[in-house]
Number of protein chains: 2
Amino acid sequence: MVQSLNSGSNRGAATRAESGRTLPNRTASDRVRRRGEARRLDILRAAARVFRRSGVAAAGMRDIAQEADLSPGNLYYYFAGKDELLFFCQDRTVDRMLEAAQAARAAKLPAAEQLRTVIRAHLHYTLEEMEGATAHLEVDMLAENLRSSIIEKRDKYEQAVRALIVQGVQRGEFAPCDAALVARAVLGALNWTSRWYRPDGAQSVTAIADGLADYLVRGLAAAAQQTLTKPARALSGGRK
Amino acid sequence: MVQSLNSGSNRGAATRAESGRTLPNRTASDRVRRRGEARRLDILRAAARVFRRSGVAAAGMRDIAQEADLSPGNLYYYFAGKDELLFFCQDRTVDRMLEAAQAARAAKLPAAEQLRTVIRAHLHYTLEEMEGATAHLEVDMLAENLRSSIIEKRDKYEQAVRALIVQGVQRGEFAPCDAALVARAVLGALNWTSRWYRPDGAQSVTAIADGLADYLVRGLAAAAQQTLTKPARALSGGRK
DNA sequence: TCAAACTTTGAACCATGGTTCAAAGTCTAT
DNA sequence: ATAGACTTTGAACCATGGTTCAAAGTTTGA
């Protein structure tokens, strides 16, 4: 879960850090490794930025290298290739979202609030964190071996959201519904934001999150308590 | 609007059909032109199929040619290139959806029913018609000139949906809301279906459409009439 | 300060895939 | 049947872009 960032091919540093060779002084090589990982993260963020800006397909390794301030060839010292770059972007993001979903589900809150929390987290990780890991959505570009791993986690996340809805229904807080379908509708509405959201737009991410949550939760709320869960916010457009 | 299918580069037939040259017998050359257009449509459908199967980026001209039963080079006799192929796919689909949205809005029906109609049409054109013109969603691949045209129509469509929601609110059939955001949420939920829908899955397209409509409309319905507009369907999964 | 390990470079390699083209095949009108 | 228009072919062209690599630069440990 900690996902030390170097699981796949690691030609670079950090590999032989474990190899028990009684190093007289461990702090120094630790510093090297630490720096290496930091570098990797920087590169990853740069890549995510380019992915977001140009789209995964159009993003070239040369572009990414430039954005990360290093030579094209040097990229391959830190990552095995574009696939791995994309993979880590996606993996980090989906991990965060999964965590958030499971935490929300465990929390002692009304189902509506749980869902709200998930929605907020989802948009945060999709649009803000990790330079807006929009890459999360383009799984098709990965080679089979990497892809399946992401798909699996993605499915797990979807299950978590679905479970949250089912739970709400069971508690009587949500109206009965086709939870699988609704979960997909919610996730679709959320994921689609990456198509139209612009960082310099009128609405902040949290404003968008709140607005979407209002609508998406209302469609679920059991008729009786509809107005109880949360007073529907006024119809505004550009509150910061 | 009729979009005679050959607006861009048309090196092939149909171009000089207009050239006033007093043809002794028009029916014959008409037949040729007719056949040409039919062929173009076949190719377009084949392309759409490949786009859907492999994704726009991964779909190669050679694949498309094979799917359409002709040689790679021959494709270029009917279409200027991959861009144009993708363009026509998208253009046809968005035209249909726009039509449907405007028709629905003009119809004398409760807002909830109007929205239902749009949702059904949207999914129909996205998942079924035109071999499931999933291509509709990948605008980023087109060159600037073609892309802007599609974007424009797409925006127009979004406006139509939004207007429909606003209208519902004004009539008091929908609860007040941020119509722009809700419209995007609805469209997101709909467009996202192309990521998970499988023709051989348990639910038919109309079943999915109904299910989504139930949820998406309920989130809009004014509290008072909520149960009036449509009795919420039972929670089923696989009705044909 | 020296050797080993770690980084960096950028030019070159190479597969992929969109596109072109000249030659050949087929159909239509007379 | 024949000229001319319409189709088809598939090999070759070429730009793009991911990737490799050998050599050079820098840091670390003794």
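The values are calculated or read from the model by the stated rules, or taken from the named source; none is laboratory data. None of these values were measured; they are calculated from a predicted model. Here the Cβ positions follow ideal geometry from the backbone for every residue, glycine too, while neighbour counts run over all protein chains shown. Note: areas computed on protein heavy atoms with side chains; ligands, DNA, RNA excluded. Shrake-Rupley method; radii C 1.70, N 1.55, O 1.52, S 1.80 Å.
Below are the figures for this structure:
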quantity	calculated
Nonlocal amide H pairs with A:Phe174, under 5 Å, H built at 1.01 Å	A:Val169, A:Ala222
Packing-based ranking, highest mean first, of B:183-189, A:197-203 given that Cβ atoms within 10 Å are counted	B:183-189, A:197-203
Inter-chain shielding of B:185-198 (mean C-beta neighbours from other protein chains, 10 Å cut-off)	6
Copy-to-copy label separations for B:Glu128, where each label sits 7 Å from Cα toward Cβ, in nm and ascending	4.2
Where rotation carries B onto A, the chain B residue whose Cβ is nearest that axis, in whole Å	B:Gly219, 1
Table column - 3J(HN,Hα) (Hz), segment A:203-213, Karplus curve with 6.51, -1.76, 1.60, x for Gly and Pro	9, 6, 4, 5, 5, 4, 4, 5, x, 5, 4
Translational diffusion of segment A:82-229, µm² s⁻¹ [Kirkwood Rh, Cα pairs; Stokes-Einstein; 10 °C; 1.306 mPa s]	101
Heavy-atom surface of segment A:82-229, accessible at 1.4 Å and reported per residue (Å²)	37
FRET efficiency, 1/(1 + (r/R0)^6) with R0 25 Å, evaluated for B:Glu128 and B:Gln167 via beta carbons	0.35
Environment charge at A:Asp155 (Cβ cut-off 15 Å; Lys +1, Arg +1, Asp -1, Glu -1)	+4
Ascending list, in nanometres, of distances separating the A:Lys156 label from those of the other copies (7 Å, Cα toward Cβ)	4.7
FRET E, pair A:Arg53, B:Asp95, Förster distance 25 Å, beta-carbon r, rounded to 0.05	0.25
Total formal charge among the other residues, if their Cβ is under 12 angstrom from that of A:Val166, Lys/Arg +1 and Asp/Glu -1	+1
³J(HN,Hα) computed for each position of segment A:218-223 - Karplus, 6.51 cos²θ - 1.76 cosθ + 1.60, integer Hz, glycine/proline x	4, x, 9, 4, 4, 3
Intensity falloff of segment A:79-161 expressed as log10 I(q)/I(0), Debye formula with alpha-carbon point scatterers, at q = 0.13, 0.20 Å⁻¹	-0.41, -0.86
Of A:Lys156/B:Lys82; B:Lys108/B:Lys153; A:Lys82/B:Lys156; A:Lys108/A:Lys156; A:Lys82/A:Lys153, those spanning more than 27 Å from alpha-carbon to alpha-carbon	A:Lys156/B:Lys82; A:Lys82/B:Lys156
Per-residue ³J(HN,Hα) for segment A:80-86, Karplus 6.51 cos²θ - 1.76 cosθ + 1.60, θ = phi - 60°, Hz, x for Gly and Pro	5, x, 5, 3, 5, 4, 5
Label point 7 Å beyond Cα along the C-beta direction, distances from A:Arg62 to other copies (nm, shortest first)	2.5
